Amino acid sequence: MATVLLIEDDQSIADMISIYLSEEDYTVHIARDGQQGNELFRTTNPDVVILDVMLPDTNGMEICREFRTQSSVPIMMISAKSEVSERVKALVIGADDYLCKPFSMRELAARTGALLRRSSMSKTSPDSKISETQAIRVDIDKRCVYLHGSVVETTYSEFEMMKHFWLHPGKVFSREELLNKIRGMDAFVTERSVDVHITNLRKKMEKDPKEPKYIKTVWGFGYKFET
């Protein structure tokens, strides 16, 4: 039984989500604001976080950023803000999905299940191993990327992309291929999301992100990873 941390200040929405997910055999912990969300995050060790953007004491984006520095747990942002800029911002700071209000409970449950499946598959992948180059080491079992011996903090999606690159060095992938690999077909994202993740990985791993050594752009097609 998976544990969900729901951080939502609207009681009616929180109750509906909690009831529906409980009927789907999830254990749901509800926080009404950011402070309570932080406390429950530490004490409940959730398998997935559903996080509202607008909270009474803080912005959910800040909570997402803080959680991401501590854990690679899948995070789904929910918000009435449907602008592309808001969705991109959420991905940049570490969210794995973004669902616009109003939404159906079936869709929320499906997306929650998809995040959990991808997380579970990553932890039990038969490809689990440690891979390395002179500068980079990828520990798939521990879900860690190392650059010159130091841990590179990655989001769930960034790690999935890096792992996929690493297992296929030199192979060129289109944005659509990378999108389907790291996000799945049932999540609402765009090919722009891939560019955001690539930009973030380059900032974290490349000496000069504008002249990348490892994650290369193949103009007119996509990206590849060079060892």
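Derivation of every value follows stated rules applied to the coordinates shown; laboratory data play no part. None of these values were measured; they are calculated from a predicted model. Cβ coordinates were reconstructed from backbone atoms using ideal geometry, including for glycine residues, and neighbour counts include every protein chain displayed.
Taken across region 79-102, residues that are charged (D, E, K, R) and more than 21 Å from Ser193 (Cβ to Cβ) do not occur at all.
For region 15-36, does any single residue satisfy the condition of being assigned to a loop (DSSP other than H, G, I, E, B) and within 25 Å of Lys204 (Cα to Cα)?
No, the conditions are met nowhere in region 15-36.
The residues of region 56-89 that are under 18 Å from Leu40 (Cβ atoms), in contact with a strand residue (DSSP E or B) (Cβ under 7 Å, 6 or more places away or on another chain) and either in a loop (DSSP other than H, G, I, E, B) or among the polar types (S, T, N, Q) (or both), listed by number, are Val73, Pro74.
Of all residues in region 10-22, those that are crowded, with 17+ Cβ neighbours inside 10 Å have Cβ atoms under 9 Å from Cβ atoms of residues that are β-branched (Val, Ile, Thr) and in a helix (DSSP H, G or I), 6 or more apart or on another chain, in Leu21/Thr112.
Selection over region 165-184 of residues that are out of contact with any helix residue (DSSP H, G or I) (no Cβ under 7 Å at 6 or more places or on another chain) and of a type outside the set (A, V, I, L, M, F, W, C) gives a count of 7.
Consider Met105 carefully, then state whether it is in contact with a helix residue (DSSP H, G or I) (Cβ under 7 Å, 6 or more places away or on another chain), more than 28 Å from Lys181 (Cα to Cα), surrounded by fewer than 18 Cβ atoms within 10 Å (Cβ to Cβ) and not small (Gly, Ala, Ser). Against the criterion (in contact with a helix residue (DSSP H, G or I) (Cβ under 7 Å, 6 or more places away or on another chain), more than 28 Å from Lys181 (Cα to Cα), surrounded by fewer than 18 Cβ atoms within 10 Å (Cβ to Cβ) and not small (Gly, Ala, Ser)), Met105 does not qualify.
Within region 59-101, the set of residues being under 12 Å from the mean Cα position of the chain (by Cα), closer than 23 Å to Ile17 by Cα and of a type in the set (A, V, I, L, M, F, W, C) comprises Cys64, Phe67, Val73, Ile75, Met76, Met77, Ala90, Leu91, Ala95.
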